[in-house]
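One structure is given below, encoded as structure tokens.
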Amino acid sequence: MTAVFLDVDGTIVDSNVHHVIAWQRAFRDVDRDVASTTLLPLMGMGGDHLVAEIFDDDAETSFGDEVRDAHDRYFEQMMAWIRPLPGARELVEALLRRDVQVVLATSSGIDHVREHAELVGLDLDRLTFVTAEDLEHTKPSPDVYLTALEKTGLDRAEAIVIGDAIWDVRAGTAAGIASIAIPSAGGQSSKLTEVGAVAVYADAFELRDDLDAALALAGTGRAQSHA
């Protein structure tokens, strides 16, 4: 493998719960109560899909933009509370030692992505970024990974996706790129395999320790769970 397209929220930083809280507060601003159990499995889906997914297209038209703007404000207030996920830095360092290009591929804004990368302790000069500013469509659309292919000039067979949510895997599959999953809260191993992950690891340390085998497995497309 020449490149890894690496998700950010829920994969290298522990931010999914913060996003859930921000969405809950944002929905309350428009007099809607949404349970955390409804929101958590949707983390990783683009915000432009989330309102219609929970309610309907009329709700999206009525208050979608308002809710997204409020979510962004509330999430910004919690940025200082976000921490790196165990093993994230070590996984990226192991990839870079193998001369694998690491692309942080997400629908978050570039400023947040850079903050998260610095929080994890990553060398920004050695990373490539695909962020909201590059995209027309968010996950589960494959746009984020197709854009990453364009930026790197690589073929699908030369890259893999690493993410925590079914939306990462579905987007990778739609782009024709093999996916490896590290499930976060709300990302059950069985569902990740069902939607196409070729390997599922319990955490980034486990993937780091099995990295050569995982990269080879991604090339064969055989599903396997370690979680």
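Loop-located chymotrypsin sites (Phe, Trp or Tyr not before Pro) in the range 117-189 (DSSP state other than H, G, I, E, B) with a sparse environment of at most 11 neighbouring Cβ atoms within 10 Å are absent. Quick one: grab the alpha carbon gyration tensor of the range 16-80, order the square roots of its eigenvalues as a ≥ b ≥ c, and give me rounded if a/c is under 1.5, else prolate or oblate depending on whether a/b is larger than b/c. The shape class here is prolate. Packing order of peptides 13-22, 76-85, 60-69, highest average first: 13-22, 60-69, 76-85 (average count of other Cβ atoms within 10 Å over each peptide's residues). Taking the average, over residues, of other Cβ atoms within 10 Å as the packing measure, peptides 102-111, 116-125, 36-45 rank 102-111, 36-45, 116-125 from highest down.
For the range 134-201, what is the relative contact order in percent, using Cα pairs closer than 8 Å and at least 6 residues apart in sequence? It would help to have the intermediate numbers written out before the result.
Numbers: 117 pairs, mean separation 18.8, N = 68.
Once divided by the residue count of the range 134-201, the mean separation gives 28 percent.
Place +1 on the Cβ of every Lys and Arg and -1 on the Cβ of every Asp and Glu in the chain, take the dipole about the Cα centre, and give the residue among GLY121, PHE205, THR173 whose Cα lies farthest towards its positive end. Comparing the listed Cα positions along the dipole, PHE205 ranks first. Put the Cα centre of the range 147-174 next to the Cα centre of the range 191-205 and the gap is 14 Å.
Report the relative contact order of the chain, percent, no decimals, based on alpha-carbon pairs under 8 angstrom and at least 6 residues apart. Don't skip to the end; give the middle numbers.
Numbers: 419 pairs, mean separation 53.6, N = 227.
Reported as a whole number, the value is 24 percent.
For the range 101-191, the set of trypsin sites (Lys or Arg not before Pro) satisfying both a DSSP loop assignment and a count of at most 13 other C-beta atoms within 10 Å is empty. Report the net charge of residues surrounding ASP29, where surrounding means a beta-carbon distance below 14 angstrom and charges are Lys +1, Arg +1, Asp -1, Glu -1. Summing Lys and Arg as +1 and Asp and Glu as -1 gives -1.
Coordinate-derived values only; no laboratory data. What you see is a predicted model; the values in this text were computed from it and never measured. Ideal geometry is used to build each Cβ from the backbone, glycine not excepted, and the neighbour counts take in all protein chains shown.
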